[in-house]
Amino acid sequence: MPLAVAIGLCVRLVPSLRHPTLPLVADAAYHLRLVEETLAAGELPAIDRLSTAPEGRRTVRELPVGLYVVAASAHRGLATLGFRDLKWNLAFFIALCGGLIAVPVWVGTRAVFENRAAASLAGLCSVFLPAHLARSYGYWLRYDALGTLLASTHVALAMATLRSPRPWRRRGLAVASAVLLVAAIWVWRVSFLVLAIELAYVVFRLVSRGACPALRELWVAVAVIGTAGLAPIEYLSQRGFLLSAPWILTIALAAAMCLPQLREGGRPGFRLTALVIVAGLAWGLGRTHIPADYAGLGALIPTKLGLARGHDPLATLMLEVEELAGGSPWTLAIGSQRLFVLGVWLLASPILFWWLAGRPGPTHWMAIGPAAALLATVIAGLAASTMLFERTSVLLAPFAAVALGGLGARLVDVPGATDRPAPVPTLRRKAPAPRNRGGRRLRRRLAVGLAVSGIATALAGLAQAFSSGSLMPPEQAMAIEFLRNHTPPQAIVLGFWDAGYDIQTYARRATVMDGLLESNENRGRIFAFDSAVMKPTPEALEALCRRRRAGWLLVPPLPYIYTAAAVAGDPIAARIASDLPLREGVDTERVLYHLMTADVPVPGFRLVYRAGDYRVYEFLGLGAGS
């Protein structure tokens with residue numbers, strides 16, 4: 001495991017070592033600025049004056065801020081050792097979080113498969129998986145590396161809790177697991193997905209088996225420690241998360257498990273009735289409160305499923321985000337940025353485990369151990385989520401490594417590698433018939449195929465590391481440099497949302513909007529901007545500039561007109577999507593088109609700088625010094 005962590009750290013630092021001047025762009029630039037401000041002030045400032053200008057943003061009410069606190073602490077610790085370069089310290093911190101993913105993978109594999117060889121194999125595999133690697137490079141200063149580490153460790157300790165036969169050890173693991181769930185939610189909103197999957201798992205286990213002591217102790221710890229730990233987190237309290245249906249259900253399930261009738265051995269019919277009542281009460285009490293998740297996903301999911309009707313600007317906006325793109329089981333299996341060829345083995349693993357277990361009937365699967373059942377539920381939930389939203393592939397990867405490590409050890413059947421002789425997964429069944437020679441030959445071939453696939457995936461991960469990096473278009477960088485050097489310090493810049501973070505960090509100028517699409521206020525500003533620039537005359541854009549006191553306008557190249565047109569519902573978006581040329585005098589009569597091409601002057605706006613196809617305009621309606 002230490003070797004796997006060291007390898008994972010080094011691989012994730014490769015892009016930064018090969019390109020020492022690698023810029024942090026987009027979200028990474030935003031997080032860099034907030035870490036800098038946390039270090040300068042000793043804490044995150046109450047109001048971020050560079051965001052959602054002129055009012056500013058109360059960051060703690062909109063975002064989980066754990067990353068900034070932990071990253072700032074890591075920098076201070078490294079600085080005391082003589083390493084004072086903030087950018088490199090942050091790169092080391094993120095890469096270390098990425099390499100440490102081998103630890104929860106090792107713990108989880110030991111818990112489920114009780115096999116040291118499987119744990120070692122899974123831990124080594126996890127640090128090379130492209131899906132995790134791509135979002136945990138040193139330059140990727142975002143929530144993913146730390147958030148995945150905390151969420152995966154929470155689940156790994158939960159599986160260890162469910163497998164432990166010792167009461168006091170089990171309770172200690174349950175407490176540690178609950179604490180890590182709180183930490184994960186403090187750092188990363190995607191951790192709510194883990195909670196949702198675990199809720200589904202708990203409900204299913206209660207209906208099918210009843211509450212075993214381990215499950216009861218785990219979920220009581222989650223409910224008690226979670227309620228106490230999540231209450232002070234402001235972005236949750238602003239949305240009333242503890243009064244929402246998911247959390248009320250969490251508490252209600254913990255209370256219900258203490259009833260003797262819901263424990264193992266109780267009547268299934270009574271358990272089902274009780275859980276229906278509990279779920280109904282939780283929904284009735286918490287349906288008025290929206291969990292603090294990505295608010296735009298509520299509109300995006302129906303669109304992805306083909307259930308949306310008419311134009312939805314919110315769904316259109318969210319679809320612009322690459323990490324919210326989806327895929328199919330095929331891309332999950334062999335996608336170069338996901339699990340590479342090991343994805344095929346993950347999809348086939350249920351059949352292979354069934355075959356290795358002696359091909360038991362459906363009823364025998366009800367006897368699967370609670371830890372193995374939790375692993376299967378988490379993998380299934382995250383795989384389904386990844387097919388909707390690519391971003392969750394980073395969280396799927398470590399659990400895929402757990403399953404594949406166990407599968408590999410089961411195929412080769414390493415003697416002496418298990419602490420206890422329990423098969424994987426544990427099933428109550430009759431002893432299987434002796435394996436024939438053909439079966440042994442097939443096992444060997446499958447083991448070789450899995451090993452070759454693992455090596456190929458590791459090589460693909462290494463190749464990805466040596467070819468990865470971040471880049472800001474040179475013309476955009478020049479335009480941002482102009483804003484920094486030729487505008488007043490108090491200037492407010494209006495531009496496309498995806499350039500907002502870069503303007504804030506590198507021009508040190510406030511922006512009207514940026515990439516925080518989770519914010520209702522920020523999304524409203526994006527909708528207003530896109531609508532204004534697609535008008536034939538500039539009055540709406542001028543009014544927007546006056547209302548937000550924006551004296552400067554950064555305009556990107558012409559292809560960006562599609563994003564504004566799509567969100568605004570302008571008909572030219574369909575022409576652009578169909579590769580049809582814009583009709584002169586009809587489709588080109590848009591304020592944004594004129595600003596992008598500078599074919600005719602736009603009243604109220606003066607072109608002051610041009611870098612390639614990027615243009616900077618001054619809004620003349622605010623007067624001098626704006």
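The values are calculated or read from the model by the stated rules, or taken from the named source; none is laboratory data. Being a predicted model, the structure only gives us computed values, none of them experimental. Neighbour counts run over all protein chains shown; Cβ positions are idealised from the backbone, glycine included.
For segment 218-225, the condition of being farther than 22 Å from Val276 by Cα and crowded, with 16+ Cβ neighbours inside 10 Å holds for at least one residue. Take the conditions (1) within 27 Å of Val321 (Cβ to Cβ); (2) modelled with pLDDT of 90 or more; (3) among the aromatic types (Phe, Trp, Tyr); Phe389 misses just one of them, which is (2). Residue count for segment 545-562 under the criterion of being within 26 Å of Arg484 (Cβ to Cβ), surrounded by fewer than 21 Cβ atoms within 10 Å (Cβ to Cβ) and within 33 Å of the chain's Cα centre (by Cα): the result is 4.
When you check Glu518 against the structure, is it out of contact with any Cys (no Cβ under 6 Å at 6 or more places or on another chain), surrounded by fewer than 23 Cβ atoms within 10 Å (Cβ to Cβ), in contact (Cβ under 8 Å) with a residue 12 or more places away in the chain and in a helix (DSSP H, G or I), yes or no? Break it down stepwise before answering.
Numbers: out of contact with any Cys (no Cβ under 6 Å at 6 or more places or on another chain): yes; surrounded by fewer than 23 Cβ atoms within 10 Å (Cβ to Cβ): yes; in contact (Cβ under 8 Å) with a residue 12 or more places away in the chain: yes; in a helix (DSSP H, G or I): no.
Spelling it out, it is not the case that Glu518 is out of contact with any Cys (no Cβ under 6 Å at 6 or more places or on another chain), surrounded by fewer than 23 Cβ atoms within 10 Å (Cβ to Cβ), in contact (Cβ under 8 Å) with a residue 12 or more places away in the chain and in a helix (DSSP H, G or I).
Table: residues versus (1) crowded, with 23+ Cβ neighbours inside 10 Å; (2) farther than 23 Å from Leu67 by Cβ.
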| residue | (1), (2) |
| --- | --- |
| Leu121 | yes, yes |
| Cys125 | yes, yes |
| Ala131 | yes, no |
| Ser136 | yes, no |
| Thr161 | yes, yes |
| Val194 | yes, no |
| Arg209 | no, yes |
| Ala214 | no, yes |
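Residues that are touching a residue at least 60 places away in the same chain (Cβ under 8 Å) and in a loop (DSSP other than H, G, I, E, B) were ranked within segment 1-46; the one that is surrounded by the most Cβ atoms within 10 Å (Cβ to Cβ) is Leu24.
Here's a check for you: in segment 473-504, which residue that is among the aromatic types (Phe, Trp, Tyr) and either over 27 Å from the mean Cα position of the chain (by Cα) or under 14 Å from Asp613 (Cβ atoms) (or both) is surrounded by the fewest Cβ atoms within 10 Å (Cβ to Cβ)? Please lay out each step first, then the result.
Here is the first cut: in segment 473-504, the residues among the aromatic types (Phe, Trp, Tyr) are 482, 496-497, 501.
Cutting the leftovers down to either over 27 Å from the mean Cα position of the chain (by Cα) or under 14 Å from Asp613 (Cβ atoms) (or both) gives us 482, 496.
Details: Phe482: 19, Phe496: 22.
Per the criteria, the residue is Phe482.
Candidates are the residues of segment 564-616 that are outside any helix (DSSP H, G or I) and among the polar types (S, T, N, Q); the one that is surrounded by the fewest Cβ atoms within 10 Å (Cβ to Cβ) is Ser578. Residues of segment 213-247 that are at pLDDT 90 or above and outside any helix (DSSP H, G or I): Ala231, Pro232, Ile233.
Taking segment 449-471 as the range and being surrounded by 14 or more Cβ atoms within 10 Å (Cβ to Cβ) and over 19 Å from Val14 (Cα atoms) as the test, the residues that pass are Gly449, Leu450, Ala451, Ser453, Gly454. From the list Ala151, Ala71, the lone residue that is over 23 Å from Glu390 (Cα atoms) and in a helix (DSSP H, G or I) is Ala71. Screening Gly82 with (1) in a helix (DSSP H, G or I); (2) on the phi > 0 side of the Ramachandran plot gives one miss only, at (1).
Considering segment 376-406 alone, what residues qualify as being buried (at least 22 other Cβ atoms within 10 Å of the Cβ) and over 26 Å from Ala315 (Cβ atoms)? If the condition is that a residue be buried (at least 22 other Cβ atoms within 10 Å of the Cβ) and over 26 Å from Ala315 (Cβ atoms), then Val378, Ala397, Pro398, Phe399, Ala400, Ala401, Val402, Ala403, Leu404, Gly405, Gly406 are the ones that fit.
Can you run down the residue pairs with Cβ atoms below 6 Å, 6 or more apart or on separate chains, where the first is in segment 473-499 and without any contact (Cβ under 8 Å) to a residue 40 or more places away in the chain and the partner is part of a loop (DSSP other than H, G, I, E, B) and of a type in the set (Gly, Ala, Ser)? Here the result reads Trp497/Gly515, each pair linking segment 473-499 to a residue that is part of a loop (DSSP other than H, G, I, E, B) and of a type in the set (Gly, Ala, Ser). Could you list, in sequence order, the residues of segment 534-563 that are in a loop (DSSP other than H, G, I, E, B) and among the aliphatic types (A, V, I, L, M)? Within segment 534-563, Met534, Ala550 meet the criteria.
Here is a yes/no grid of residues against (1) touching a strand residue (DSSP E or B) at 6+ places or on another chain (Cβ under 8 Å); (2) farther than 30 Å from Glu62 by Cα; (3) modelled with pLDDT under 75; (4) in the same structural domain as Val127 (by TED's automatic domain parsing):
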| residue | (1), (2), (3), (4) |
| --- | --- |
| Gly298 | no, no, yes, no |
| Ile301 | no, no, yes, no |
| Gly306 | no, no, yes, no |
| His311 | no, no, yes, no |
| Leu314 | no, no, no, no |
| Glu322 | no, no, yes, no |
| Gln337 | no, no, yes, yes |
| Val344 | no, yes, no, yes |
| Ile351 | no, yes, no, yes |
